[in-house]
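Below: one structure in structure tokens.
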Amino acid sequence: MPPDQTPAETSPLTAAVRHVLPAVRADLEQLVRIPSVSADPAAAPYLQASADAVAVLLRQAGLPQVEVVAAGGSQPAVLAHRPAPPGAPTVLLYAHHDVQPAGLRADWDSDPFAPVVRDGRLYGRGAADDKAGIAVHLAALRAHGDALPVGVTVLIEGEEETGSPALGPFLDAYADRLKADVVVFADAVNWTADVPSLTTTLRGGASVVVEVRTLEHGLHSGLYGGPVPDALTVLCRLLATLHDDRGDVAVPGLTRGTGTGTPAPDLAEAQFRAEAGMLDGVALTGTGRLTDRLWTGPAIAVTGIDAPSVQEASNTLIPVARAKVSLRIAPGDDPARARDALAAHLRAHAPWGAQVSIEPGATAAPYAARSGGRAYAAAHAALAQAWGTPAVDMGAGGSIPFVTAYAARFPDAEILVTGVEDPDTRAHSGNESLHLPTFERACLAEALLLSHLGKC
């Protein structure tokens, strides 16, 4: 039977969570001040400082075994453990302490690494993605204290924002210490600030760099323009073939599903446009329900182009141009096969006989959770209690490499992907922020979840 789902407003555990929250939030702000940008080689000392700070916090939370670890050239991660009471399950709590680059300072209303609260939101790079996930784990551990009802392993990764490039060697090195009955990945978004969710599907990802060549060298555009195609124009025409006139992906052979297994409401278009920051008059692309387009359909975006800047441009026909193409793939698709389909499409649609070469990028597998198990029921009960409203099962358009790799390595573990963010978090963008009431509910939900799992 699932645990009691009545609201938890008056429970002792609620009081315990609220008691520890001020200190947990102060610790979160200290972590946000560390610019642990895993994509920046110059930030290596900050990655180490961030891992060391997390290790101290986990020791203070009562975990007797805490170590900063690495494997296969990975960034420093933190691995901690507390054994299970007799007969209780072991729960792996995951988050990551690395963050995205801050980007342009002009896109922020305040210093991205100087956390500040405005209108009930904590602003700063990593305040939500995913140092808030670390803070949620700390709150749950501190709220239970010495009465923790389950065994706990905590893994705080240090390179999730770069696609976890050393994930394979890392899992090989620490598989014995990472094995668990239930895994909680605190690195997703809730349906709204007032409605919680479990993320039950993740799209996978792949990328390629496409290069087109039309000339041995640049040419005067006045003397040769007309009959001679320049590489940048060719590249633009080639990239335009990736979508049809409605905005649906036009690459053949990619999987397109519908739904997440458990029905979820569709997104209201006006709200979605506002959350995305779309400009007036710009149309949404693609067809079908918005949730299907976001969660269970392929998506392609051009994320970078190598070509002369406008400021540096001269009247020259460009001989070579390159672009990075990002592909999101639906649950059930194979990332390597999908990447090959994208590459084949690009080769087949080169205008005017231009030479096309493809450099394949990294892949990430999609994921679909098994629902209906004891941990799934316990999570829904905890979320309903903490929020006072039932949780929605939803998909996510992004990828979490550790989720898919862990599921493949430990197929018997129940995996729960929970949310700390809300739709206005703006993770990876300027003015990233954490909605503090959502954060408090997420902390309570995880504390309740551990309690429920101890009774399963």
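The values are calculated or read from the model by the stated rules, or taken from the named source; none is laboratory data. All values derive from a computational prediction rather than experimental measurement. Positions of Cβ are backbone-derived with ideal geometry, glycine not excepted, and every protein chain shown enters the neighbour counts. Note: areas computed on protein heavy atoms with side chains; ligands, DNA, RNA excluded. Shrake-Rupley method; radii C 1.70, N 1.55, O 1.52, S 1.80 Å.
Report the charge-dipole magnitude of the chain in Debye, nearest 20, computed about the Cα centre from +1 at each Lys and Arg Cβ and -1 at each Asp and Glu Cβ.
Using Cβ point charges on Lys, Arg, Asp and Glu, the chain gives about 480 debye.
What spacing in nm lies between the two simple spin-label points modelled at Q65 and D334, each 7 Å away from Cα in the Cβ direction?
3.8
If the cut-off is a Cα-Cα distance under 18 Å, which lysines reach K455, setting aside same-chain residues fewer than 8 apart in sequence?
Cα-Cα hits under 18 Å: none found.
Post the alpha-carbon centroid distance, region 18-90 to region 184-246, in whole angstrom.
36
With a 1.4 Å probe and all protein chains left in place, how much of the accessible area of the chain comes from carbon and sulfur atoms, in whole percent?
It is 53 percent, rounded to a whole number.
Please report the relative contact order for region 138-292, taking Cα pairs under 8 Å with a sequence separation of at least 6, and give it as a percent rounded to a whole number.
14
Further question on the same structure: By how many degrees, 0 to 90 and rounded to 10, does the Cα axis of helix 167-178 deviate from the longest principal axis of the chain?
Compared with the principal axis, the helix lies near 10 degrees.
May I ask you to derive the relative contact order of region 54-114, considering only C-alpha pairs under 8 Å and at least 6 residues apart, and to give it as an integer percent?
20
Follow-up question, since we're still on this one. Determine the relative contact order of the chain: mean sequence separation of Cα pairs under 8 Å and six or more apart, normalised by residue count, in whole percent.
Across the chain, relative contact order equals 26 percent.
Grab the Cα-Cα distance for D109 and T287, subtract it from 0.36 nm times how many residues apart they are, and report the gain in nm with one decimal.
Stretched out fully, the D109 to T287 stretch lengthens by 60.5 nm.
Across region 408-413, in residue order, what do the Karplus-derived ³J(HN,Hα) couplings come to in whole Hz, using 6.51 cos²θ - 1.76 cosθ + 1.60 with θ = phi - 60° and x for Gly and Pro?
3J(HN,Hα) across region 408-413, in whole Hz: 5, 6, 10, x, 8, 6.
Order of 157-164, 65-72, 288-295, 94-101 by packing, highest average Cβ count within 10 Å first?
Highest-to-lowest ranking by the protection proxy: 94-101, 157-164, 288-295, 65-72.
Please compute the per residue accessible area over the chain with all protein chains in place, 1.4 Å probe, rounded to a whole number of Å².
Heavy-atom accessible area per residue stands at 43 Å².
Given 0.36 nm per residue, what is the gain on full extension from E275 to R347 after removing their alpha carbon distance, in nm?
Extending this stretch completely gives an extra 22.3 nm.
Relative to the longest principal axis of the C-alpha atoms of the chain, give the angle of the C-alpha long axis of helix 231-240, reported between 0 and 90° and rounded to the nearest 10°.
Between helix and principal axis, roughly 50 degrees.
Right, here's the next one. If you fit an axis through the alpha-carbon atoms of helix 374-387 and take the longest principal axis of the Cα set of the chain, what angle between them do you get, 0 to 90°, nearest 10?
90
Report, in whole Å, the centroid distance computed from the Cα atoms of region 353-391 and region 91-137.
Between the Cα centre of region 353-391 and that of region 91-137, the gap is 21 Å.
Can I ask one more? Please give me the summed charge of the neighbours of R118: other residues whose Cβ is under 14 Å from its Cβ, Lys and Arg +1, Asp and Glu -1.
The answer is -4.
In addition: As a test question: what accessible area, to the nearest 10 Å², does D306 have when a 1.4 Å probe is rolled over all protein chains in place?
Here the residue's solvent-accessible area equals roughly 90 Å².
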